Every structure is written in structure tokens, then in C-alpha cells.
Amino acid sequence: MSELPVAFTEKMKRILEDEYGAFMESYQEPRNFGLRVNTDKISPEEFQRIAPFHLKAIPWVKNGFTYEAGDLPSRHPFYYGGLYYLQEPSAMTPASRLPVTPGDRVLDLCAAPGGKATELGARLQGEGLLVANDISASRARALLKNVEVFGIPNSFVTNEVPSRLAERFPEYFDKVLVDAPCSGEGMFRKDPEAARVWSPEKSAACAKQQREIISQAARMLRPGGLLLYSTCTFSPEENEQIIAGLLRERQDMRLMDLEGYEGFGAGRPDLADGNPDLVKCVRIWPHRMAGEGHFLALLQKEGEAGRQKERPASERPGLSKGERKSLEEFFSEVSGFAIDRMEVRKGRVYYRSGITEEQKGLTFLRNGLYLGELKKDRFEPGQAFAMALKKDSYGSVLDFGREDERVVRYLKGETVTVDDLPVGRRKGWQLVCVEGYPLGWGKLVNGTLKNKYASGWRMKE
């Protein structure tokens with residue numbers, strides 16, 4: 001890689017002392033390529049069995065694997081089926097250390113492009129709520145696509161500043177993840193451009209923003225709830241000092257021990273205000289582990305751990321007689337979706353997330369799951385809906401083998417002949433799968449599959 005900034009290397013020499021030489025040698029090592037399995041669709045064991053990649057388990061992340069650069073997992077149909085997310089191994093750690101369980105209300109406050117949000121959403125298994133937010137509109141759109149590819153039905157994807165969310169969601173969430181925007185020092189090996197644009201002043205600017213973000217995050221955490229703060233930088237100003245500041249500001253927050261791993265480094269009280277509890281933070285160093293630099297801290301808000309009561313739903317216009325008839329006709333062949341949770345907005349049909357009054361006045365991209373459109377009293381299913389289904393959830397499935405050249409043609413948007421494949425019925429809508437994992441929709445006419453794969457999702461040449 002290109003030469004590191006002198007001010008950065010001098011700072012690291014002061015922080016690491018005897019370990020500085022080993023740290024610098026790590027920059028000569030090749031980066032590690034990782035993928036994280038979507039456990040809501042497939043188990044890590046089954047994925048290892050069917051995936052044609054050179055996989056090696058990441059020892060500190062139960063559903064994480066490294067692969068070889070030549071494997072090209074982003075070109076495989078399983079990627080389009082949402083079976084995994086491409087993510088650097090250390091970056092998998094924060095979401096793996098926030099103990100999300102089905103039914104939780106979860107907030108990923110700085111969520112784009114979605115690496116951590118998709119893991120949190122997968123662990124909810126369709127129960128509870130995932131609010132995934134990003135302040136950037138363009139990044140929030142990328143976040144939404146990744147949430148949809150993973151098939152997460154119970155999401156509310158927002159594009160807001162943290163203070164606006166805190167006004168709507170006071171002490172609302174069981175679990176909050178803040179992967180804060182940072183100076184990116186831990187990514188210099190992976191991304192040399194991050195080193196080129198780095199400056200000593202950047203950490204101070206990031207720290208100011210991080211203090212505001214974590215303060216608002218703490219406001220949204222319910223008593224007894226857990227907050228995971230992380231960065232991909234080595235800077236104490238953005239790490240231990242942020243946590244120390246929050247602990248001084250809020251007497252109701254305390255640091256918790258994180259699930260350990262032999263390569264984890266302890267937090268450094270000496271780099272902040274000396275609070276001995278800061279050793280409970282975790283530092284990930286590239287010379288100690290097969291990953292890039294990261295920092296994590298898990299905090300709990302004191303108080304009773306019981307969940308809030310549900311807020312009353314606002315009155316929503318019900319489905320018209322024609323809308324209900326069209327939806328009942330299609331969903332008679334679909335399991336797991338209740339008509340009474342559906343709503344129609346300008347002909348587009350959504351499966352509500354559970355968010356009601358809180359959304360008023362907020363900028364959001366999606367509330368719940370987009371199911372499809374009503375056109376002249378007939379329902380046409382959408383791409384995101386397909387990704388939230390299982391093979392046995394729909395009455396007629398067209399299942400390609402992973403080596404079938406037609407699956408790639410389908411992903412490129414082509415029409416294909418499929419009269420040799422078994423289906424539930426010989427005409428009409430088909431849930432198109434690869435090895436039993438949904439990819440999208442097609443319409444079968446005389447043995448030919450008319451392609452309904454979303455144009456914006458298609459595989460490029």
C-alpha cells in the first residue's frame with residue numbers, strides 16, 4: 001500500500017509502544033475477504049455444504065467466513081438470493097456482540113450500507129422491529145436494497161438526523177447499534193484512499209459528531225436495554241474518550257463485558273480519563289487478528305428490563321372491497337401473511353412493520369415490506385416480497401439448480417424456456433428459486449418464463 005501519514009504513524013508509535021513494529025508489519029499482509037451468512041435463510045453448516053467457495057470459518061463470528069479473492073461470490077446466484085453479505089471480518093464483530101433476539105425492537109442508527117443492519121434483522125427472524133437509519137439519502141437507498149435482498153419483512157428504513165429520531169422514539173428500543181462515522185484509521189490497509197485523505201484534524205471533527213450521535217442513541221434506549229458503540233478507527237478521541245464522556249454525562253449507563261476472543265485487545269483507560277471500566281471495551285488490532293482495525297463498547301442503561309407496552313395504532317383506511325378481493329385471491333396461495341396487516345398507498349401494497357404514530361413527520365424510505373402493486377384489481381407481486389418468502393411459502397415454485405445456465409440468464413433479465421422443470425401450475429406467477437432459495441418472480445406462459453426480476457437488481461455483464 002502507499003505510505004502512511006507521518007502524523008498517524010507517530011501517534012500509533014506512542015499508543016502501541018513495543019507492539020508498534022508488529023503493527024506496521026501487518027500493513028504488508030494482504031487484506032482478508034469475508035462473507036457473513038444470512039441465518040434467517042440458511043445455517044452456516046448448510047451454506048458450507050453447498051457454497052462453491054474456498055471458505056474458512058472466522059473463529060470469533062459464528063456465521064462468518066473468509067474466502068479467496070478468485071471465488072467472486074458477488075457474481076454467484078446465491079448472492080442474489082440473499083444467502084450472505086460481503087463484509088470485512090472485523091466489521092462483522094459489532095453486530096455479533098449485540099445479543100438481539102426475536103421480538104426485540106432494534107435500532108441501527110448509522111446503518112448504511114447495511115452490513116450490520118442485515119445481521120440484526122436476520123436474527124429477529126421476522127419478529128419485533130428493525131429501524132435502520134442513515135443520514136445520507138443516497139446511502140439510505142443502498143441500505144434499503146440490502147435489507148430487501150436479505151428478506152427482512154419487519155423493517156422501518158429512515159433517512160433522518162439522530163435528534164429527530166430521538167424525539168419520536170424516547171426510551172423505545174431494546175437494542176441500539178451505533179457504528180459511528182469515523183476517521184477510518186482501521187481501514188487504511190483495505191482502503192488506501194482513506195489514508196490519503198486522513199488528517200490529524202479529522203479525528204476531532206468526527207469526535208464532535210460521535211458525541212452527539214451516542215447521546216441521542218442513549219435517549220432512545222429503554223431502561224435495561226443494550227447499546228453497542230463501534231468505530232473502525234484507532235483514535236482514542238473517537239473511542240475510549242467518547243465512551244468516557246457518555247459515562248460522565250449519564251449516570252444511568254454502565255459498561256458491560258463483551259463476549260471475548262483470544263485476539264481481542266482491552267480498552268485503554270490511560271487514553272481517556274482513567275476510568276478503570278474502560279478496559280471492558282475491545283480493540284481489534286490487525287497485527288493480533290486476521291482483520292482490520294475496530295473498536296467496540298457495550299453499554300447498558302440501568303432500570304427495569306421489561307418492554308414498553310405497544311402504543312395504540314392510528315386509524316388507517318381499510319382495504320376497499322376490490323382491493324381485498326384481489327389480495328385474497330393471490331394470497332390464498334401464500335402462507336405467513338395476514339391480509340389485515342396490509343395497506344394500499346397509491347396502488348402499492350405494503351405489509352406494515354408495526355410502526356404507527358412514530359413515523360409522522362419522519363423522512364423514511366420504507367415502512368414494512370413492499371409486497372407489490374394492484375393494477376386493475378389484480379395483484380402483481382414485487383421483488384422485495386419474493387426475497388421475504390421461503391420456497392414452501394408459495395403455491396407454485398420454479399427451482400433452478402445452481403449450475404443451470406438459465407439462472408444467470410434470469411438474473412440478467414432474459415426470458416428463458418423452462419418446460420422441463422416441475423412447477424405447481426403450468427401458467428401464471430412463479431416464485432423463481434435457485435436450489436430452493438427465492439430470487440424473484442416470473443410468469444409462466446406455454447413453457448416460457450416471462451422475466452419479472454427487478455430491473456434495478458439485475459446482474460451486470
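A few remarks follow.
- Taken over the range 129-143, the criterion of being surrounded by fewer than 23 Cβ atoms within 10 Å (Cβ to Cβ) and outside any strand (DSSP E or B) is satisfied by 135, 136, 137, 138, 139, 141, 142.
- The set of residues in the range 45-62 being assigned to a loop (DSSP other than H, G, I, E, B) and touching a Phe, Trp or Tyr at 6+ places or on another chain (Cβ under 8 Å) consists of 51, 53, 54, 55, 58, 59, 60.
- Test for residue 90: is it surrounded by fewer than 21 Cβ atoms within 10 Å (Cβ to Cβ) and of a type in the set (Ser, Thr, Tyr): no
- Lone qualifier among 421, 327, 389, 362 - being without any contact (Cβ under 8 Å) to a residue 40 or more places away in the chain and either in contact with a Phe, Trp or Tyr (Cβ under 7 Å, 6 or more places away or on another chain) or assigned to a loop (DSSP other than H, G, I, E, B) (or both): 421
- Evaluation of residue 91 against (1) in a helix (DSSP H, G or I); (2) under 25 Å from residue 408 (Cβ atoms) (one fails), failing number: (2)
- Among residues of the range 1-18, those that are exposed (fewer than 15 other Cβ atoms within 10 Å of the Cβ) and over 17 Å from residue 198 (Cβ atoms), counted: 2
- Any hit, the range 27-36, residues being touching a Leu at 6+ places or on another chain (Cβ under 7 Å), in a loop (DSSP other than H, G, I, E, B), within 20 Å of residue 114 (Cα to Cα) and at pLDDT 95 or above: no
- Within the range 182-201, the set of residues being surrounded by fewer than 19 Cβ atoms within 10 Å (Cβ to Cβ) and out of contact with any helix residue (DSSP H, G or I) (no Cβ under 6 Å at 6 or more places or on another chain) comprises 191, 192, 193, 196, 197, 199, 201.
- Meets criteria (under 30 Å from residue 121 (Cβ atoms) and free of Cβ contacts under 8 Å to residues at least 12 places away in the same chain) for residue 3: no
- Count of the range 392-415 residues, restricted to those that are at negative phi and not in a helix (DSSP H, G or I), is 14.
- Among residues of the range 12-33, those that are in contact (Cβ under 8 Å) with a residue 12 or more places away in the chain and among the acidic types (Asp, Glu), counted: 3
- Single unsatisfied condition, residue 38 versus (1) crowded, with 21+ Cβ neighbours inside 10 Å; (2) on the phi > 0 side of the Ramachandran plot: (2)
The values are calculated or read from the model by the stated rules, or taken from the named source; none is laboratory data. All values reported here derive from a predicted model rather than from experimental measurement. We place every Cβ from the backbone using ideal geometry, glycine too, and count neighbours over all the protein chains shown.
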